[in-house]
Amino acid sequence: MTIIASLLRNAQLPESPTERLDAELLLAAAIGKSRSYLHTWPERIVSSEDAQTYAGYLQRRRGGEPVAYILGQQGFWKIDLEVAPHTLIPRPDTELLVETALELQPALPAKVLDLGTGTGAIALALASERPAWQVTAVDRVEEAAALAERNRKRLGLANAEVRVSHWFDSLAAERFDLIVSNPPYIAAADPHLVAGDVRFEPSSALVAGADGLDDLRVIAAQAPGHLLPGGWLLLEHGYDQAAAVRALLVEQGFIEVASRTDLGGHERITLGRLPC
């Protein structure tokens, strides 16, 4: 017989920066309970079947696999999302993009586009907060688009739709009041690509050429043709790319170009407005 407290105490995830949290999330999932249950009933006995499931989860985590992929889900903004290895894991830093979009665009009818949606995190967070918006989410990877659509259906967001498109390729002459994107922005030779959880995420959703700016250049260049006059473009980027992205937007004729910092004090997103 094994009790909850003992299983958590002996988790042994020394290479994880969030060792205790990881152990709690994995054990809670294995026994079908909440994390609060673990703290409320630390002396409860765990069945041998659940203990084996937990041991399997721990082994995968010791191998570096992200907890989100092990459990197949991740919280973002105020919603829970299904995740899979062919999509990026939604991160708290990206919530700044959602927060900024909500600040810039009034809660009135508007057309919004999320480029490279992955799990649908940004698009679905916006749709959940703004029922009057019509949010279109696109991704070039069919499996990612299918996953985002499953998340959309599960959340019951009728004001969002998911399509397959490589950036603007399948959008013809459609124009939007607001375009948001968290595109690939890591340089091909960046050493972080072979360390930590990122090792397990799809390189196509991370890497963008020698300097990490290839996809940001494409979006900045093509966005004016898909924005309504006065419309906004919001882009997430690397912590050291803000100046380069501001220059890209200015070069394409955007005004009111600025960057905003995340909780770590890094310039994480850059925005610009199409002149009226």
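Please treat every number below as a calculation from the coordinates, not as lab data. Remember, it's a predicted structure, so these values are computed and weren't measured experimentally. Note that we place each Cβ from the backbone using ideal geometry, even for glycine, and neighbour counts take in every protein chain shown.
Spin-label point model (7 Å from Cα, Cβ direction): what's the residue 93 to residue 263 distance in nm?
So the label points at residue 93 and residue 263 sit 1.3 nm apart.
Ignoring solvent entirely, what values of log10 I(q)/I(0) come out of the Debye formula for the stretch 2-63 at 0.13, 0.16, 0.29 Å⁻¹ when each Cα is a single scatterer?
The calculated log intensity ratios at q = 0.13, 0.16, 0.29 Å⁻¹ are -0.27, -0.42, -1.40.
From the C-alpha coordinates alone, can you work out the Kirkwood hydrodynamic radius of the stretch 73-155, in Å?
Details: mean 1/r = 0.0789 Å⁻¹.
About 12.7 Å, per the Kirkwood formula over Cα pairs.
Efficiency by 1/(1 + (r/R0)^6): what FRET value for residue 59 and residue 36, r their Cβ-Cβ distance, R0 = 30 Å, to the nearest 0.05?
0.70
So, in Å, what gap is there between the alpha-carbon centers of the stretch 97-132 and the stretch 53-85?
25
In deg cm²/dmol, rounded to 500, what helix-only [θ] at 222 nm does the chain give when every DSSP H run of at least 4 residues adds -39500 (n - 2.57) and the total is split over its residues?
The per-residue figure over the chain is -10000 deg cm²/dmol.
Only bridges whose two residues both fall in the chain count here: according to DSSP, what percent of them are antiparallel, nearest 5?
45
Suppose we look only past 17 Å in the calculated P(r) of the stretch 93-132. What percent of the Cα-Cα pairs does that tail hold?
20
Output needed: percent of Cα pairs per 5 Å distance bin for the stretch 9-115, bins running from 0 to the one holding the longest distance.
2, 10, 17, 20, 17, 11, 8, 7, 5, 3, 1
Dividing the Cα convex hull volume of the stretch 84-273 by residue count, how many Å³ per residue is that?
108
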